[in-house]
Structures are given as C-alpha cells and as structure tokens.
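Engineer: Got a structure for you, written out below as structure tokens; questions coming shortly.
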Amino acid sequence: QMLGPSFQMSYAAVAGLIAANQVWKDWRATHPAPQRGPLASLSHKILMSFVAIGATTLVATLATAPFSAYHFHRLNPYGIIGNSLGIPMVSLIVMPAAVIGTLLVPFGLDGVVWHVMGVGISGMLIVAQWVAGIENASVTAPNMEGPAFAMLVIAIIAFVALRSSLRWLALVPFGLWLVQLQAPHLPDLVIDPTGRMALARGEGGHYRVLAVGTPSRFTLSQWLPALGDGRAPSAASLREGVRCDKFGCVGRLADGRLVALSTSPDTLREDCRRADIVITPLRGIAACEGKRLLDRGHFDRYGATRIMTANAAEWRLDTSLDPAIKRPWRRPVAQHQNPAALTGASDPTSSADDASRNKRLQGHDAYQSDESRQKSGRAAKSLRIRPPHMPDSAGDDPALIPPLKAHYP
C-alpha cells in the first residue's frame with residue numbers, strides 16, 4: 001500500500017497542507033491583523049475564504065504533482081483553476097443539499113433539494129469541461145528515473161516533517177533532484193508480452209506502432225504517456241512510415257535499422273533474411289540464427305520488453321518478468337527456452353559475453369570441459385543445454401516455402 005499512488009498522493013496532500021498551515025500560523029504570529037470595521041471584516045473573511053481555497057488547491061497540487069507524474073505520467077497545470085471554482089459549489093451547494101435531502105427523505109419533501117444538488121453538480125461538470133478544453137490542460141510527463149524521484153520525495157518529506165527552520169534542508173535533496181533531472185533515455189523498442197505489437201522509435205524520436213490489425217488501445221494508452229508521447233492511441237501518425245499486411249509489419253528505427261514483426265511462419269524466413277531485428281510470437285527457425293530475434297521463447301520467459309540500443313552491437317533489455325524470481329501463479333520456464341542468447345539479443349539475466357553466446361550458436365550442447373571430465377576420473381554426465389528446435393529443411397520448416405513479400409516496400 002505504501003508503494004501505491006493512492007497512499008502516496010493522499011499522504012503528500014495532507015502532509016503538505018499541515019506544513020503549509022504551520023507556515024501560515026508562524027507568519028500570522030509575527031504579522032497581527034489590523035483592526036477593521038464590521039463590514040470590512042466581513043468582506044475580508046469572504047475574500048480570505050476564496051484565497052484559502054486557492055492556496056489549499058495550490059499546495060495539494062504541488063505536493064501530489066511528482067507522484068502523479070511518476071505513476072500516471074500526467075500533469076494538470078490548470079487544476080488550480082478548476083478546483084478553485086468547483087470547491088465552492090461543493091461546499092455551498094452540493095454537500096448541504098445532500099445532508100438536507102437525506103433528512104427530508106422520510107417526509108417525502110426531498111425532491112426539490114435533489115434538484116438543487118443537481119444544479120450544483122452540473123456547474124461542477126461545466127467548470128471541468130471548460131478547464132479540460134484549455135490548451136495544454138493535461139501535460140504528458142515521461143517516465144521519471146528512480147533516483148531522481150527518490151530525491152524529490154526526500155525533499156518533500158524533509159520539508160513537511162521538520163517544523164523549524166531546519167525544513168530548508170529540503171533544498172539539498174531538491175538540488176540533487178535538479179542535478180539528476182534530465183531528458184529520460186527512451187527505449188528504441190517497446191514490445192508487448194505476446195510479441196504481437198511493438199512501438200519503434202523512428203526519425204525525430206517519434207514512435208510508430210507495428211501491429212497486425214487493430215492495436216490494443218488500452219496498451220497504447222499506457223505506453224504513450226510513459227514515453228512522453230501525448231498522442232491518442234487512435235492517432236493516424238502512429239502508422240506513418242510503417243508497412244503492414246495480414247502477416248506482419250516492417251518499420252525503421254531512427255538509425256535506419258529495419259524492424260520486422262512477423263506473425264506467420266510463411267513470412268518469418270523472409271523477415272529474418274532482410275530485417276535487422278525480428279519480433280515474432282512464433283518459435284525461432286534456423287533462418288533467424290545470428291539475427292536479433294525476439295520470439296515466443298523470449299516472451300514466455302521475460303514478458304513485455306523494452307530495448308535501448310546505443311548502436312547495433314550494444315543492447316540493454318528491460319523486461320517485466322524476472323525468471324530468477326519464482327511466483328506460485330506462474331509456470332516456470334526452462335532455462336533452455338531462452339532464445340535471447342541463442343539469436344543475438346542480450347540476455348537480461350546473464351552477464352555472459354559475446355564469445356559465450358557464439359559458443360551456444362555453434363551448436364555446443366555439452367558445457368562440461370574435457371579437463372573437468374578427466375579430473376573426475378570418469379565420463380560424468382554433463383549438464384546439457386539444448387537450444388529450441390530450429391528446423392532446417394522444407395519438411396519441417398514451413399518458412400522455406402516461397403515467402404510472401406507484401407509488407408516490404
């Protein structure tokens with residue numbers, strides 16, 4: 001619960017309001033209010049009520065903004081306007097009407113009160129629609145790095161927890177946050193756990209969707225904000241520069257490398273021959289050996305995958321599943337089903353170098369050395385790690401039939 005956005009945002013808002021109230025009391029103690037007449041005093045109280053609403057909204061918005069950006073990748077800079085106009089309607093119309101209407105229900109006199117309450121709710125909706133229609137009312141915030149977010153949280157906690165002038169020590173972690181704050185290193189590829197949809201970062205840093213048929217709008221609605229992309233999942237620009245047919249899609253990364261998503265064994269061989277990176281929900285085949293291939297074995301083992309590449313040789317994979325962590329609700333996947341090390345993609349859970357991966361590609365299935373066998377004094381049964389079956393004949397490889405090339409230019 002402490003790691004969830006609900007607790008964090010609620011705690012931040014309440015703690016921020018308590019700290020701000022203490023600052024206000026300290027200021028009032030050194031600045032006594034001047035004497036005012038009855039009318040001036042009433043006007044001042046009414047004015048201060050609206051000022052208090054605005055100040056409360058501002059403090060709560062600033063306190064919860066980091067958590068909103070971190071968890072939901074959204075910031076609402078004009079929320080103070082909507083809350084400042086909507087809260088009076090709630091306090092003066094909606095809530096009093098709710099209490100009065102509830103008390104009048106036994107007497108059958110509550111009808112008019114619910115009508116008044118509906119007027120207040122309608123006013124709130126009008127304000128919300130107006131604020132939402134303002135340009136940049138909702139700003140997309142890319143995924144914040146963990147260390148930077150931690151520094152910001154420490155700064156907030158220090159400011160609200162310390163009641164004396166020591167609270168200004170919060171400027172230290174806040175300054176460290178500013179130092180760490182930088183444009184996030186966005187992935188070149190984001191692939192769903194089925195291997196049937198991917199986002200590829202092309203020219204200009206704009207993402208393009210590779211998917212056969214209609215891509216999942218829900219998935220895109222989660223991916224795009226996290227990548228700092230404010231486009232709607234249905235935006236036509238997400239398909240620009242991508243060629244698709246009913247068997248797959250091809251597109252290019254910013255550096256010109258060709259990415260293919262293949263969902264048919266009839267086109268997988270051609271994709272492996274022509275593309276630099278191949279994504280497929282199918283099992284790998286011999287034609288893909290030595291290619292950057294992410295196939296069914298990879299997704300079964302690692303789930304959704306993000307790929308950052310400095311160049312064609314340097315890959316870093318972030319995955320949603322860690323096979324080293326056992327879960328009672330997830331069937332364990334055998335080690336030999338990891339295709340990443342077999343086909344050129346980096347293994348997120350292994351520090352083996354390229355030489356080790358090349359050894360596996362050469363078909364070695366016994367890893368116990370001859371020297372260790374001699375030391376044991378007998379031909380001990382060695383640990384055998386066999387790669388997935390990769391067919392190499394027309395009899396067992398449907399991809400060896402003449403390929404379909406419709407999704408290639």
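The values are calculated or read from the model by the stated rules, or taken from the named source; none is laboratory data. Quick caveat, the model's predicted, so the values are computed rather than measured. Don't worry about glycine lacking a Cβ; one is built from the backbone with ideal geometry, like all the others, and counts go over all protein chains shown. In case anyone asks, the SASA skips ligands and DNA or RNA and just uses the protein heavy atoms, side chains included. Shrake-Rupley method; radii C 1.70, N 1.55, O 1.52, S 1.80 Å.
Engineer: Would you confirm whether any residue within the stretch 60-68 is free of Cβ contacts under 8 Å to residues at least 24 places away in the same chain, surrounded by fewer than 18 Cβ atoms within 10 Å (Cβ to Cβ) and part of a helix (DSSP H, G or I)?
Structural biologist: No - not one qualifying residue is present in the stretch 60-68.
Engineer: Can you work out which of the residues in the stretch 302-311 that are at pLDDT 85 or above and open to solvent by 20 Å² or more (accessible area, probe 1.4 Å) is nearest to P323 (Cα to Cα)?
Structural biologist: For the stretch 302-311, the residue satisfying everything is A304.
Engineer: In the stretch 20-41, which residue that is assigned to a loop (DSSP other than H, G, I, E, B) and either of a type in the set (G, A, S) or under 21 Å from I157 (Cβ atoms) (or both) is farthest from the chain's Cα centre (by Cα)?
Structural biologist: That would be G37.
Engineer: Could you figure out which of (1) without any contact (Cβ under 8 Å) to a residue 40 or more places away in the chain; (2) over 17 Å from the mean Cα position of the chain (by Cα) isn't true of T219?
Structural biologist: Status for T219: all satisfied but (2).
Engineer: Still on this structure, please answer the following. In this structure, does G108 turn out to be out of contact with any strand residue (DSSP E or B) (no Cβ under 6 Å at 6 or more places or on another chain), modelled with pLDDT under 90, of a type outside the set (A, V, I, L, M, F, W, C) and more than 25 Å from R74 (Cα to Cα)?
Structural biologist: Here the answer is yes, as G108 does meet what is asked.
Engineer: Out of G123, G86, G101, report the one residue that is over 39 Å from the mean Cα position of the chain (by Cα), outside any loop (DSSP other than H, G, I, E, B) and touching a residue at least 12 places away in the same chain (Cβ under 8 Å).
Structural biologist: Unique residue meeting the criteria: G101.
Engineer: I want to confirm something. Restricting to the stretch 255-269 and keeping residues that are part of a loop (DSSP other than H, G, I, E, B) and not charged (D, E, K, R), which single residue is least open to solvent (accessible area, probe 1.4 Å)?
Structural biologist: Per the stated criteria, the residue is S264.
Engineer: Just checking, does the stretch 240-254 include any residue being part of a loop (DSSP other than H, G, I, E, B) and touching a helix residue (DSSP H, G or I) at 6+ places or on another chain (Cβ under 7 Å)?
Structural biologist: yes
Engineer: Something else now. Give the residue that is nearest to G290 (Cα to Cα), with candidates limited to residues of the stretch 270-280 that are touching a residue at least 24 places away in the same chain (Cβ under 8 Å) and in a strand (DSSP E or B).
Structural biologist: Here the residue is I277.
Engineer: Regarding R257, is this residue closer than 19 Å to P187 by Cβ and of a type in the set (D, E, K, R)?
Structural biologist: Yes.
Engineer: Residue by residue through the stretch 201-253, note down the ones that are of a type in the set (G, A, S), out of contact with any strand residue (DSSP E or B) (no Cβ under 6 Å at 6 or more places or on another chain) and under 15 Å from P187 (Cβ atoms).
Structural biologist: G205, A226, listed by residue number.
Engineer: Among the numbered criteria (1) in contact with a His (Cβ under 8 Å, 6 or more places away or on another chain); (2) free of Cβ contacts under 8 Å to residues at least 12 places away in the same chain, which one does R231 miss?
Structural biologist: Evaluating R231 over (1) in contact with a His (Cβ under 8 Å, 6 or more places away or on another chain); (2) free of Cβ contacts under 8 Å to residues at least 12 places away in the same chain leaves (1) as the failure.
Engineer: Kindly list, by first and then second residue, each pair from a residue in the stretch 34-49 that is under 21 Å from S91 (Cβ atoms) to a residue that is open to solvent by 100 Å² or more (accessible area, probe 1.4 Å) and among the hydrophobic types (A, V, I, L, M, F, W, C), limited to pairs with Cβ atoms under 8 Å and residues at least 6 apart or on different chains.
Structural biologist: none
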